[in-house]
Every structure is written in structure tokens, then in C-alpha cells.
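Working notes for the structure below.
The values are calculated or read from the model by the stated rules, or taken from the named source; none is laboratory data. If you're wondering where the values come from, they're calculated on a predicted model, not measured in any experiment. Cβ placement follows ideal geometry from the backbone for every residue including glycine, while neighbour counts extend to all protein chains displayed.
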Amino acid sequence: MDDQTQLELEAAAFRALRDHLRARTDVQNIDMMNLTGFCRNCLSRWYQEAAAARGIDMGKEDAREIVYGMPYAEWRDTYQTEASAAQKAAFDTSKPDH
């Protein structure tokens, strides 16, 4: 596989993941952190870091909007729920790097 094809496939996979997460608003970030060690905010941070590595100035909120499909505050107010005691306990046990 040539480099350009690999780049295009990786970009397509990222877009599919982004779109899947946008559609699954029922999945809370704490659930993702507990199960996978990353969440939507991590994905947006990685996007921002990739932009910075290429000399592109991108703010945290701009990167989050790319991942969430709307301003983060709007997503949080619309979809985020209070973490349960069980979710918090699982997070304390797993201690993902956040």
C-alpha cells in the first residue's frame, strides 16, 4: 500500500469513528474512559496536537467542536449526565491517563 492510500484510509477511519461518536450521544465520556482509556476529549486533544505539529494554530474548543459536531458546552448541557457512583469508582480503579 502506498503512503497516500494509507493516509486516506486512516482519515476515513477517523471520520467514521468521529461520526459514530457523534451519533452515540448516549455513551458518556466516563464510560469510554473506564473501558478504553480515552474519550472524546482525548480524541479532540490528539487532533489539536496533530494540528500544532503541522504549525496550525487550533484552540481546544475548536478541536472539540470538530469531534463533538457542536460546541462542547452545548454537547455537555444537552447530553452529559452526572456520573454514577459505580462509574466514579470504576474510574478511580482504572485511573486512565486523564
Discussion item. Given the condition without any contact (Cβ under 8 Å) to a residue 12 or more places away in the chain and in contact with a Phe, Trp or Tyr (Cβ under 8 Å, 6 or more places away or on another chain), answer yes or no: does some residue in the range 47-55 qualify?
Written reply: no
Worksheet item: Any chance the range 76-88 includes a residue that's in contact with a Phe, Trp or Tyr (Cβ under 6 Å, 6 or more places away or on another chain) and surrounded by 15 or more Cβ atoms within 10 Å (Cβ to Cβ)?
Response: no
Worksheet item: Among all residue pairs at least 6 apart or on different chains, which show Cβ distances below 8 Å where the first residue, located in the range 24-38, is at pLDDT 95 or above and the second is hydroxyl-bearing (S, T, Y) and not in a helix (DSSP H, G or I)?
Response: Q28/T81
Worksheet item: Residues in the range 32-74 that are crowded, with 16+ Cβ neighbours inside 10 Å, of a type outside the set (G, A, S) and under 17 Å from L17 (Cα atoms): how many?
Response: 15
Discussion item. Filter the range 37-57 down to the residues that are outside any helix (DSSP H, G or I) and hydrophobic (A, V, I, L, M, F, W, C) and list them by number.
Written reply: F38, C39, I56
